[in-house]
Amino acid sequence: MIIISLVGLSLVPFVHADTWENSTITVSVTDNEYVTKSIIRDIAITILDDREEFEKFAGWNNALNGTGIQFKLVAENGDIQINLVNHTSTKKYSAFTTFESKSPGIISAAEITIYEIEEISSHELQMLMRHELGHSLGLGHSRDSDDLMYPIVPYYTSYISQANIQSIESLYN
């Protein structure tokens, strides 16, 4: 079972008041001994994958099509920095997202930490990244246990739903 953090529960993903100012949000992975080609591939899938099935999306850029927002994977110094660590979170989270704001309501940077990287599968990493990238866009948690943004993400819930997209649209349009 994957346990994720951030407060705020509602039937559809709760939205935070803060949003990104830029329409292209860069994402980079902190280089350390846990970064491998397969991990970079798994992270890229959560951003770039264009698979869609029953109005659920595998990659955020395809899901965000039409919102004016997109992610771009860069080598370093991304707006969103992903840290892969192999220790346990003190709060027992599998992943956690934090934000920085340069002015009220504007996100200037985010940091995603994925814990126990050597213990999770490729599928779990992709699921965690989709969930945490949702937080990085301003989504909170949902009370729908079948939703990607539910606090404890079930293994089978690994795709971005229409409810997630509608919440993003309400923030950015």
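Bear in mind these aren't lab numbers, they're just calculated from the coordinates by the rules spelled out. Please read all numbers here as calculations on a predicted model, not as lab measurements. Positions of Cβ are generated from backbone atoms using ideal geometry, with glycine treated the same way; all protein chains shown enter the neighbour counts.
Take peptides 61-72, 128-139 and line them up by average Cβ neighbours within 10 Å, highest first, as a rough protection proxy. Walk me through the intermediate numbers first.
Details: 61-72: 17.2, 128-139: 25.8.
Result, highest mean Cβ count within 10 Å first: 128-139, 61-72.
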Given springs between every Cα pair under 10 Å in a Gaussian network model of the chain, which of Tyr156, Tyr93, Tyr115 has the largest fluctuation? Tyr156
All other residues with a Cβ under 15 Å from the Cβ of Leu171 taken together, and with Lys, Arg as +1 and Asp, Glu as -1, what is their net charge? -3
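Less than 13 Å Cβ to Cβ from Leu128, Lys/Arg counted +1 and Asp/Glu -1: what total charge do the surrounding residues give?
-4
Let me spell out the model: positive unit charges on the Cβ of Lys and Arg, negative unit charges on the Cβ of Asp and Glu, origin at the Cα centre of region 2-172. What dipole size does that give, in debye rounded to 20?
On the way: 10 positive and 23 negative charges, 38 e Å.
Dipole of region 2-172, to the nearest 20 debye: 180 debye.
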Under the definition of Cα pairs under 8 Å and six or more residues apart, what whole-number percent is the relative contact order of the chain? 35
What residue among Ser103, Ser161, Ser145 shows peak mean-square fluctuation when the chain is described by a Gaussian network model with Cα springs under 10 Å? Ser103
Using a/c under 1.5 as the rounded threshold, could you call region 131-173 rounded, prolate or oblate? The axes a ≥ b ≥ c are square roots of the C-alpha gyration tensor eigenvalues, and prolate needs a/b larger than b/c, oblate otherwise. prolate
Work out the count of Lys pairs in the chain where the Cα-Cα distance is under 28 Å, with the pair 8 or more places apart or on different chains. 6
Taking every DSSP beta bridge with both residues inside the chain, roughly what % is antiparallel (nearest 5)? 45
Matching label, log10 I(q)/I(0) by the Debye sum over Cα atoms at q = 0.14 Å⁻¹ computed from the structure shown, candidates (1) -0.91; (2) -0.66; (3) -0.80: (2)
